[in-house]
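Notes follow once the structure below has been shown.
The values are calculated or read from the model by the stated rules, or taken from the named source; none is laboratory data. The structure presented is a predicted model; accordingly, all values stated were derived computationally and were not measured. Cβ placement follows ideal geometry from the backbone for every residue including glycine, while neighbour counts extend to all protein chains displayed.
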Amino acid sequence: MDSRLTIAGREIAGLRAEKTILLAIGIQLFIAMFSSFLVVGLVSMYDPGALDGAQIEVAAAGDAVDELERAAAEVPGASVTPYDDANAARSAFERNAADAVVVTTRTESGRVSTAVTAPDATVETTVIVVQLRELLRTYELNERDARASFLEESPLPLPDRSDTSPYFTFTYTVLIPLLVFLPVFISGSLVVDSITEELDQGTMELLRVAPVTLADIVDGKAAAAIGIAPGQALLWLLLLEANGTSVANVGPILALMTALTTLVVAVAVGIAAVAPDRQAAQLLYSVAVLVLFGGATAMAGGPANAVARLAIDSADATTGVLVVAYAAIAAAAYLGVRRVVAVEGFGR
Amino acid sequence: MTDRLRRVGRRLAVGVRRVLRVARWESARASGGVDRRTLAAGVALLLVAGGVVGVGVATGVAGLDVDQDVYRVGVDGESPYTDAIEEAPSLRPVSARSASLGDSADAVVVTVVRPGAGDDGSIDAADVEEVVVRASDTRKGEAAAASVREAVAAHNERLMRAEPNQTAAFPVVVTLRYVGRTTGVDDGATLGGSGGGSTDGPDGGGGGSDGPDGTGDGGDGTGDGGSGESSTGDGSATDGLGSADGSTESDDDGFAVPSIGGGAFGASTVGSPGSITPPFPFTSLLLAFAFLVPMNFLIQAYGSSILDERTNRRGEPLLVTPLSPAEIVAGKTLPYAAAAAVVTSLIALVVGGGPLSVVAVAPVAATFLGATFVGAMFARSFKELTFVTVGVSVLLTTYAFVPAIFTNVTPVALVSPLTLVVFDLQGEAVSTGEVLFSTAPMGLGAALLFGLGLGVYREEDMFSQKPVTRKFLDALAVRLSPIPARRGIGGGLLDRDRLRALGSVALLTACTLPFVFVAELLAVAVLFALPVTVSIPVLLVTIAFIEEVAKSVGLYAGFERGVFGRIGGDPAGDGGATGDGHGALRVALAVGIASGTGFFLAEKATAVVQAVGLTDLFIGRAAFADVAGLSGLPPLALAALFFAPLVLHAVTTSVASVGASRGRTAYALALTLATLGHAAYNVGVVGLG
């Protein structure tokens, strides 16, 4: 037991000396920052409600101006000003008195044809188009209601609008799983590097001369890699908590991510044992992890979804079973790989 | 003359042959490293995963719904809303009777049924008089309620699509057109020709005729939904339609009017209100991302190969051959660059990109390789290299990808060559100037990165274990030469050696410009989403800091490595100017001024920026203040304005240089001081303009 701790301690000391762990945390922070920036940027473009007081002014003309005005009353963030004809509406648009022009015409087929003009190539265009869509959809609903008798199946009445933050779902379903799983990949990569480096530099031979078994060496290296993972995840969760995002079930989340780290480390040890050098090992490891996580995420109840449901507090019995199952798989995989390596040695 | 030419040609041929020999050796080695077994294992893994996922998708078990079942919604079994809730992946229906709000359910759907309905046992939509979603009083409850509303809307949309009477189901037909305003106060914000083909229409038409033209179109468009497309007439609309690459699933089965999604600016879209998509090139962006994915694998192999040379002094035999380090590195890089080119071309073929895509990705690939080379030269171990590689991947991917998101929105997007790929995939025309603006800085940056790494491709740095920061300073200091002390009293200021030494300082600083450029543009790209009142001041200080660091870090390296003499420190070891504090101070000032001048000259050389009209953007004007139009000023003032930056750079860098010559703490303090001074100047310039 002692020798394993010594090996684990040496691993961690190496990481500290190179300050790589700081770099790792820096990279994770950068990823988190940028994915948030991306989403905040995109959401504020797509959900103008998120922008404070984004209000568009629509110049309307044509047959159905009244109905359009009624629809605008239901949509927050859009107001309609009627104009006598299309030319007047258009000149208002040209004068910057309106953000968009809507000209409606009732056709013989019974439809309402709507010609919409939006400004070209400015940052606001997206916001304007999104608001216009909201306005026109409301208008469509009203028109559809008026023709409900012609429909075979009437649409379901919509519940009232409610205020919600567009970032809420993103935070729990993307950001938290991302932050929880980044340390997992890093730990696996560390193990691959650590083992291939020892083999490459011949220090593994030295280690073998010492009174430790191969299983001890694997244990020590795995312990160091697995040990540093939950701490990083906890750091992120605490940071989110401090930021006002409450995360439920922190214990089960950490248990799940530790299980996954063990699984990935087992894969990493196995790959490092069979691959001829670091280059091949890292390549195989990347592919394997990609496959493992890509496949698992695509399955119903994949690890990312499990973490999201735990964090948002929508977990049920199946999620609990899932965590236990992952832990069992991870333990089995690790013990299997450890046994094979102890018997076969690192094959080069 | 011919003799000379022949000699140069022969030397060149020898160089090329040497590079090719190293390249052949490297590719043999690399393909030996990743042996057949590894390759087979990787392919097998991918096939298995692909098969499993494919079967999963085919049977409906799998789906990339990360938000599956995150909200629990209570709904009655007989309620017509059950279907809507069940169809939404993010909602999980629970029985309304057993659900308690906030505990086992986040929202409950409560329907008010018309009296008398439901006697026959089932309730359908027509019987529902009113519906209320009661949600727990948390952010989660609010989000759940919003999801319920979305789910019901989506359910209705599906229902209506199956309706036989499409006129009643979709009573509104929308024709959406984008038109540039020809007049108006914020004309400056409609960004010249750089927005791509879309703005060409109104521009080409000439100012006066546009207004009435547009109105005529509108009249046509209202007549029958279809003519909106043809009436735009100036080609840009049809372009846009042609490139609308099916990003919305074909949701118009049986629908009379085609609904067009994913169109670029300038495209007319016709369809029901629900089919309007905001101008966002989602699919093209996703495809552009496909170009970046293989880079990550490539640099892993490349980084390993470079670091392999450095472990166990494996690269030493190669170093003692007549091959120069540049030839070795070029040879070792060539196979990977070729692999990148092949993969990029293949991807371009698959996703339907043209040669422009390949040209645009080339500098990105070069930068990936260059940054990895520098990382592998600096890293001390495989572990460190892993993090360096991940860091490079993340940073470059963001740098390439994030600006491309704003492809159709702002010309700043052209910072990233990936924007060109998006344009290419959209089938939009791109001018040569835009291609240059987009690719040249990154290509130059890649070349400089290789130069930086080559500086430490020598025995004393390759096989030693120094921290990354010290190696970085080494790599910079290699490019400097000591400033000779003045020979006696009459030693001319314009001494040849002296000038050459100062010239190397100026050149080193000038070489940092592409990185300064990249860093500043990244700052602009990040900050432009913020309100202008916040972004401008933050931007000005950030830019000042970036520039000050760029100008002085080489000097700091020079003082640290003893190339220049330190003030008050121990005399420099290898040939540095030693002597009294006075002389050292003079050296510090001289290199400071040289560095500032070098930066100024390089900055003036980047008038290329104007070609794209980046300065039209207000925030761009703040970043590149001194190239903005200053016409209308008297020549003297113009000259003063022209040379003001020179004075500024020389002064601030001298301050930082003197700090650098006194040690780390003094350097940090001086750098802060210089940054503040620079920022104050920037504020003044923006205020002036």
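Yes/no per residue for (1) more than 12 Å from chain A (Cβ to nearest Cβ); (2) of a type in the set (S, T, N, Q):
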| residue | (1), (2) |
| --- | --- |
| B:Val359 | yes, no |
| B:Phe368 | yes, no |
| B:Phe382 | no, no |
| B:Thr386 | no, yes |
| B:Thr389 | no, yes |
| B:Val394 | no, no |
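Does segment A:122-164 hold any residues that are facing chain B (nearest Cβ under 7 Å), touching a strand residue (DSSP E or B) at 6+ places or on another chain (Cβ under 8 Å) and at pLDDT below 80, and which are they?
A:Thr125, A:Ser162
If you go through segment B:74-94 one residue at a time, how many are crowded, with 24+ Cβ neighbours inside 10 Å and closer than 14 Å to A:Thr169 by Cβ?
Adding up the residues that qualify gives 1.
Going through B:Leu356, B:Leu449, B:Leu420 one at a time, which residue ends up being within 15 Å of the chain's Cα centre (by Cα) and either modelled with pLDDT of 85 or more or within 18 Å of B:Ser305 (Cβ to Cβ) (or both)?
Numbers: B:Leu356 fails: within 15 Å of the chain's Cα centre (by Cα); B:Leu449 fails: within 15 Å of the chain's Cα centre (by Cα).
When all the criteria are applied, what remains is B:Leu420.
Can you name every residue in segment B:131-144 that is surrounded by fewer than 18 Cβ atoms within 10 Å (Cβ to Cβ), touching a strand residue (DSSP E or B) at 6+ places or on another chain (Cβ under 8 Å) and more than 7 Å from every other protein chain (Cβ to nearest Cβ)?
Once the filter is applied, which keeps residues that are surrounded by fewer than 18 Cβ atoms within 10 Å (Cβ to Cβ), touching a strand residue (DSSP E or B) at 6+ places or on another chain (Cβ under 8 Å) and more than 7 Å from every other protein chain (Cβ to nearest Cβ), segment B:131-144 yields only B:Arg134.
Which members of segment A:165-178 meet the condition of being touching an Asp or Glu at 6+ places or on another chain (Cβ under 7 Å) and more than 7 Å from chain B (Cβ to nearest Cβ)?
Correct list: A:Pro166 only.
Under the condition of being within 28 Å of B:Thr389 (Cα to Cα) and hydroxyl-bearing (Ser, Thr, Tyr), which residue from segment A:264-321 is modelled with the highest pLDDT?
A:Tyr285
With respect to B:Ser122, determine if the residue is part of a loop (DSSP other than H, G, I, E, B), in contact with a Ser or Thr (Cβ under 6 Å, 6 or more places away or on another chain) and either assigned by TED's automatic domain parsing to the domain that holds B:His155 or at pLDDT 80 or above (or both). Don't jump to the end; show me each part of the working.
Working: part of a loop (DSSP other than H, G, I, E, B): yes; in contact with a Ser or Thr (Cβ under 6 Å, 6 or more places away or on another chain): no; either assigned by TED's automatic domain parsing to the domain that holds B:His155 or at pLDDT 80 or above (or both): yes.
Judged against the criteria, B:Ser122 is not a match.
Looking only at segment A:187-197, decide whether some residue is within 30 Å of A:Glu74 (Cα to Cα) and assigned to a helix (DSSP H, G or I).
Looking for residues that are within 30 Å of A:Glu74 (Cα to Cα) and assigned to a helix (DSSP H, G or I), one finds none in segment A:187-197, hence no.
Of these, B:Val359, B:Val422, which one is farther than 30 Å from A:Ile12 by Cα, β-branched (Val, Ile, Thr), surrounded by 20 or more Cβ atoms within 10 Å (Cβ to Cβ) and out of contact with any Phe, Trp or Tyr (no Cβ under 8 Å at 6 or more places or on another chain)? It would help to see each step written out before you state the result.
Values: B:Val359 fails: surrounded by 20 or more Cβ atoms within 10 Å (Cβ to Cβ).
So the residue among B:Val359, B:Val422 that is farther than 30 Å from A:Ile12 by Cα, β-branched (Val, Ile, Thr), surrounded by 20 or more Cβ atoms within 10 Å (Cβ to Cβ) and out of contact with any Phe, Trp or Tyr (no Cβ under 8 Å at 6 or more places or on another chain) is B:Val422.
Restricting to helices (runs of 4 or more DSSP H) lying wholly in segment B:401-470: which have 1 or more residues that are within 14 Å of another protein chain (Cβ to nearest Cβ) and out of contact with any Leu (no Cβ under 7 Å at 6 or more places or on another chain)? It would help to see each step written out before you state the result.
Numbers: elements: B:417-426, B:432-455, B:459-462.
Because the criterion is at least 1 residues that are within 14 Å of another protein chain (Cβ to nearest Cβ) and out of contact with any Leu (no Cβ under 7 Å at 6 or more places or on another chain), the helices (runs of 4 or more DSSP H) in segment B:401-470 that meet it are B:417-426.
Where in segment A:234-348 are the helices (runs of 4 or more DSSP H), entirely inside, with at least 1 residues that are more than 8 Å from chain B (Cβ to nearest Cβ), in contact (Cβ under 8 Å) with a residue 40 or more places away in the chain and surrounded by fewer than 22 Cβ atoms within 10 Å (Cβ to Cβ)? Quick ask: steps written out before the conclusion?
Numbers: elements: A:250-274, A:278-298, A:303-312, A:317-344.
By residue number, A:250-274, A:278-298, A:317-344.
Count, please, the residues in segment B:330-346 that happen to be out of contact with any Asp or Glu (no Cβ under 9 Å at 6 or more places or on another chain) and surrounded by fewer than 21 Cβ atoms within 10 Å (Cβ to Cβ).
Residues flagged as out of contact with any Asp or Glu (no Cβ under 9 Å at 6 or more places or on another chain) and surrounded by fewer than 21 Cβ atoms within 10 Å (Cβ to Cβ) within segment B:330-346 amount to 8.
Quick check, is A:Asp277 on the phi > 0 side of the Ramachandran plot and assigned by TED's automatic domain parsing to the domain that holds A:Ser189?
no
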